[in-house]
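Trainee: Submitted below is the structure of interest, expressed as structure tokens.
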Amino acid sequence: MLTNEYVKRVYAQVEKRDGDQPEFLQAVQEVFESLQPVVEKHPEYEKAGVLERIVEPERVIKFRVAWTDDEGKVQVNRGYRVQFNSAIGPYKGGLRFHPTVNEGVIKFLGFEQILKNSLTTLPMGGGKGGSDFDPKGKSDAEVMRFCQAFMTELCRHIGQFTDVPAGDINVGAREIGYLFGQYKRIRDEYSGVLTGKGLEFGGSLARTEATGYGVCYYTAEALRVLKGDSFEGKTVVISGSGNVAIYATEKAEQLGAKVVTVSDSNGYVYDPEGIKVDVVKQIKEVERGRIKEYAERVPGAEYHEGCSGVWTVPCDIALPCATQNEIDEKSAEALVAGGCKVVCEGANMPSTPEAIAVYQKNGLLYGPAKAANAGGVAVSGLEMSQNSYRLNWTFDEVDAKLKSIMESIVAESLKAAKEYGHEGDLMLGANAAGFVKVANAMVAQGVL
């Protein structure tokens with residue numbers, strides 16, 4: 001609930017201007033609730049209009065993407081890039097290709113990215129982009145033509161010192177390769193303008209694994225510090241079966257847990273013996289198939305239609321790694337009823353406000369997305385560093401840096417939570433710690 005008058009006034013202004021963007025309003029409200037003790041302690045933020053400025057993107061780019069399918073028919077999609085805040089570094093954030101993409105979704109993701117990037121301690125501002133294009137069911141040639149058309153416009157607005165996009169949902173190695181090739185062709189330069197690149201042309205080892213590994217490193221550290229516990233012997237429920245979910249499953253199992261579910265947009269599989277990551281990788285990364293095929297290949301595994309049922313599976317730890325608002329109040333209550341004690345978010349804003357209230361009411365250890373899933377952008381930042389130095393670090397070097405960053409996010413979140421009177425609150429701590437760094441930079445740089 002918003003009680004601070006400054007915070008209430010700015011939120012009302014956002015509501016009036018962006019009332020047709022529910023995801024963005026949800027993200028702003030969740031952050032603003034955490035920031036009330038911060039702005040009370042720092043009146044200079046109100047004087048400098050920090051809240052008014054941080055919720056208004058520095059630039060919103062919307063453009064037409066026309067391309068030709070394999071039948072020779074012209075298709076038209078919408079492209080977006082929201083350059084939200086550059087106070088602490090060039091805009092940084094992924095590109096999402098999905099039918100649900102619209103300006104409000106991109107703005108919510110970009111707003112979250114400001115604080116997430118700040119938490120990594122690396123010099124990166126917040127941005128996000130994408131299109132309502134759906135790569136599913138498209139040939140490689142169609143995806144290539146779309147990516148080339150998309151980059152033909154986007155290349156005017158990005159650069160290694162201005163804005164460095166990466167991948168997100170449905171934008172993996174294939175798409176990044178096509179986008180990078182088109183940028184290079186148009187701009188006639190070979191620079192680190194995109195992250196998530198192939199290892200052959202400037203990518204970083206451990207980038208593929210980074211978000212999934214990162215959420216497990218974060219969860220492990222939060223468990224250690226707050227509960228004196230670990231993944232060892234725990235049952236874990238994971239949603240999704242894309243990049244984040246696959247590598248969260250892999251790392252959780254390496255840390256001694258048993259992951260029993262993965263899912264996609266059609267349904268979920270339950271494997272009481274533990275999910276076999278190599279099978280999921282074959283289905284999703286190689287064959288680009290549906291997760292129901294897992295149950296056809298693994299004896300004893302069950303496939304269930306519909307996604308929400310995954311949260312009814314009894315577990316100790318839940319790692320939502322699919323999409324926004326996948327856990328509502330009913331699903332959160334199902335998790336609690338099934339014995340869940342920990343929820344750390346691998347996807348962006350996967351829990352509704354009502355679900356978060358259930359976690360807090362029942363004393364669950366809750367790690368919010370902007371902190372728990374920061375591993376992907378952290379290694380993207382490390383990829384930028386390697387590109388600037390013109391060198392490559394080993395997998396172990398990058399992985400060690402990733403683990404250190406995720407552990408420092410837990411520490412900084414807890415430090416901020418204590419400073420602002422909410423000891424042990426990882427959500428408030430993450431919002432406060434990420435915000436203060438950006439706010440101080442905005443104040444120092446004047447009214448921009």
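Values quoted throughout were computed directly from the atomic coordinates according to the rules given, and no laboratory measurement underlies them. A quick note: this is a predicted structure, and the numbers were derived from the prediction, not measured. Because the Cβ atoms are built from the backbone with ideal geometry, glycine has one as well, and the counts that use them run over all protein chains shown.
Trainee: What value does the stretch 59-187 have for Rg/Rh, both radii from Cα atoms and Rh as Kirkwood defines it?
Mentor: Radius of gyration relative to Kirkwood radius: 0.97.
Trainee: With both bridge residues required to lie in the stretch 209-363, what share of the DSSP beta bridges run antiparallel, to the nearest 5%?
Mentor: Here the share of antiparallel DSSP bridges comes out near 40 percent.
Trainee: Considering amide H positions built from the backbone, and no H for Pro or chain starts, which residues 5 or more places from Cys340, or on another chain, come under 5 Å of its amide H?
Mentor: Excluding prolines and chain starts, which carry no amide H, the hits are Cys315.
Trainee: Within the stretch 67-165, which GluC sites (Glu not before Pro) sit in a loop by DSSP and count at most 14 neighbouring Cβ atoms inside 10 Å?
Mentor: Glu71
Trainee: Write down the percent of antiparallel bridges among all DSSP beta bridges whose residues are both part of the chain, to the nearest 5.
Mentor: If I count the DSSP bridges inside the chain, around 50 percent turn out antiparallel.
Trainee: Contact order normalised by length for the chain, with contacts defined as Cα pairs under 8 Å and 6 or more residues apart; what percent is it?
Mentor: Once divided by the residue count of the chain, the mean separation gives 15 percent.
Trainee: For Asn85, what residues show an amide H to amide H distance below 5 Å, using hydrogens built from the backbone and excluding near sequence neighbours?
Mentor: So Asn85 has HN proximity to Glu58, Gly126.
Trainee: If you don't mind, another one. How much of the DSSP bridge set in the stretch 59-187 is antiparallel, in percent, rounded to the nearest 5?
Mentor: In the stretch 59-187, DSSP labels about 65 percent of beta bridges as antiparallel.
Trainee: Could you give the length gained on full extension between Leu199 and Asp396, defined as 0.36 nm per residue of separation minus the Cα-Cα distance, in nm?
Mentor: 69.4 nm
Trainee: Something else: Taking only Cα atoms and a 10 Å spring cutoff, compute GNM fluctuations for the chain and point out the largest among Glu285, Glu383, Glu253.
Mentor: Glu285
Trainee: Next question. Quick check of the Kirkwood formula: for the stretch 209-363, what is the inverse mean of 1/r over all pairs of different Cα atoms, in Å?
Mentor: 15.1 Å
Trainee: Taking only Cα atoms and a 10 Å spring cutoff, compute GNM fluctuations for the chain and point out the largest among Glu407, Glu23, Glu419.
Mentor: Result for the chain, Cα springs under 10 Å: Glu419 fluctuates most.
Trainee: Given the options Val398, Ala369, Pro314, identify the residue whose Cα lies farthest towards the positive end of the charge dipole of the stretch 272-428 (+1 on Cβ of Lys, Arg; -1 on Cβ of Asp, Glu).
Mentor: Val398
Trainee: Taking the Cα centre of the chain as the origin, how large is its charge dipole in debye, to the nearest 20, when only Lys and Arg (+1) and Asp and Glu (-1) carry charge on their Cβ atoms?
Mentor: Around 1000 debye, computed over the chain.
Trainee: Taking neighbour Cβ counts within 10 Å as the exposure measure, how do Lys341, Lys107 sort from fewest upward?
Mentor: Lys341, Lys107
Trainee: Return the subset of Lys341/Lys370; Lys184/Lys437; Lys341/Lys418 for which the Cα-Cα distance in this structure is over 25 Å, preserving the input order.
Mentor: Lys184/Lys437
Trainee: Which value in nm describes the separation of the simple spin-label points at Leu226 and Ser408, placed 7 Å from the Cα toward the beta carbon?
Mentor: Result: 2.1 nm between the two label points.
Trainee: Between Rg and the Kirkwood Rh of the chain, both from Cα atoms, what is the Rg to Rh ratio?
Mentor: Taking Rh as the inverse mean 1/r over Cα pairs, Rg/Rh reads 0.95.
Trainee: With a 10 Å cut-off between alpha carbons and a GNM built on the chain, which of Asp271, Asp328, Asp140 moves the most?
Mentor: So, out of Asp271, Asp328, Asp140, the one fluctuating most is Asp140.
Trainee: Take every Cα pair under 8 Å in the stretch 59-187 that's 6+ residues apart, average their separations, divide by the length, and report that relative contact order as a whole percent.
Mentor: Answer for the stretch 59-187 is 29 percent.
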